[in-house]
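Please read the structure below before turning to the comments.
Throughout, read-outs are computed from the coordinates displayed, never taken from laboratory work. Fair warning: this is a prediction, and the values are worked out from it, not measured in the lab. Here Cβ is always computed from backbone atoms with ideal geometry, including for glycine, and neighbour counts include all displayed protein chains.
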Ligand code: E4P
């Protein structure tokens with residue numbers, strides 16, 4: 001499963017990309033608003049695109065098809081690795097169809113049902129972003145949605161990639177991998193939770209302490 005970092009924080013993106021931990025980045029207007037301050041959003045997208053060797057989702061803020069398409073075209077021109085993120089609305093799907101026909105990659109976001117995901121695939125979306133955490137937050141079954149979309153896409157041969165989003169903890173990641181989600185996007189905190197293990201730290205401390213008793217260098 002491809003691992004994307006769900007943030008617009010350049011420091012976090014550079015750290016994770018330099019360590020080879022991520023395959024791309026996703027942003028949304030809320031994540032951009034958190035970090036961009038006085039910066040021109042286009043400049044921030046450019047820096048993010050340069051920091052990671054992989055797709056960077058940049059979301060439109062228009063809500064009407066023609067305006068979404070114009071914003072999407074402008075975003076796609078910024079860098080080769082931009083993926084235009086569009087909301088899963090009727091207008092968003094119209095924009096998805098139009099941008100796809102121009103060869104622009106799209107990520108259809110705010111997906112909460114399997115039928116929404118089927119429509120996004122029919123509209124030619126490159127990625128579909130089902131939000132598992134937000135469904136769990138309202139006592140829904142986030143991971144069940146991923147399994148349903150996986151089966152529907154496999155049944156009908158859709159090549160839209162499932163990008164499990166709104167991941168809150170490592171178990172979401174494990175379950176997404178077991179179901180066969182193509183990608184998952186996670187906040188920095190969850191990324192490092194995936195990597196760290198207390199037995200690794202404990203084991204390393206013991207190895208180094210034992211080695212020290214030799215009093216030798218390698
Ligand atoms: C996905 O692309 C979204 O940016 C993100 O995963 C939403 O996560 P949240 O529900 O934690 O805000």
Suppose R0 equals 41 Å. What FRET efficiency, 1/(1 + (r/R0)^6) with r the Cβ-Cβ distance, do residue 216 and residue 177 give to the nearest 0.05?
0.45
With springs only between Cα atoms under 10 Å apart, run a GNM on the chain and tell me which of 175, 71, 102 wobbles the most.
102
With a/c under 1.5 counting as rounded, go ahead and sort the range 2-212 into rounded, prolate or oblate using the C-alpha gyration tensor (a ≥ b ≥ c being the square roots of the eigenvalues; past the cut-off, prolate if a/b is larger than b/c, else oblate).
oblate
Which of the peptides 31-41, 134-144 is most tightly packed, and how do the rest follow, going by the mean number of other Cβ atoms within 10 Å of each residue?
134-144, 31-41
Stretch gain in nm, segment residue 100-residue 202, where the contour uses 0.36 nm per residue and the Cα spacing is subtracted
31.7 nm
For a quick check, take a GNM of the chain with Cα springs below 10 Å and name the residue from 154, 201, 80 with the largest mean-square fluctuation.
201
Calculate the length of the line joining the C-alpha centroid of the range 104-140 to that of the range 158-214, in whole Å.
24 Å
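With an 8 Å cut-off on Cα pairs and a minimum separation of 6 or more residues, tell me the relative contact order of the range 59-182 in percent. Mind dumping the intermediate values first?
Values: 211 pairs, mean separation 22.8, N = 124.
Across the range 59-182, relative contact order equals 18 percent.
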To test your reading of the geometry: what angle, between 0 and 90 degrees and rounded to tens, separates the Cα axis of helix 41-51 from the longest principal axis of the chain?
50 degrees
Between the Cα axis of helix 142-156 and the main Cα principal axis of the chain, the angle (0 to 90°, nearest 10) is 60 degrees
Please give the length that would be gained between residue 40 and residue 77 if that part of the chain were fully extended, namely 0.36 nm times their separation in residues minus their C-alpha to C-alpha distance (nm, one decimal).
11.8 nm
Calculate how steeply helix 198-212 sits against the longest principal axis of the alpha-carbon atoms of the chain, using the helix alpha-carbon long axis, and give the answer as 0 to 90 degrees to the nearest 10.
30 degrees
Taking 25 Å as R0, compute the FRET efficiency from the Cβ-Cβ separation of residue 154 and residue 33 and round it to 0.05.
0.10
Between 101, 113, 181, find the one with the highest GNM mean-square fluctuation for the chain; connect C-alpha pairs within less than 10 Å.
101
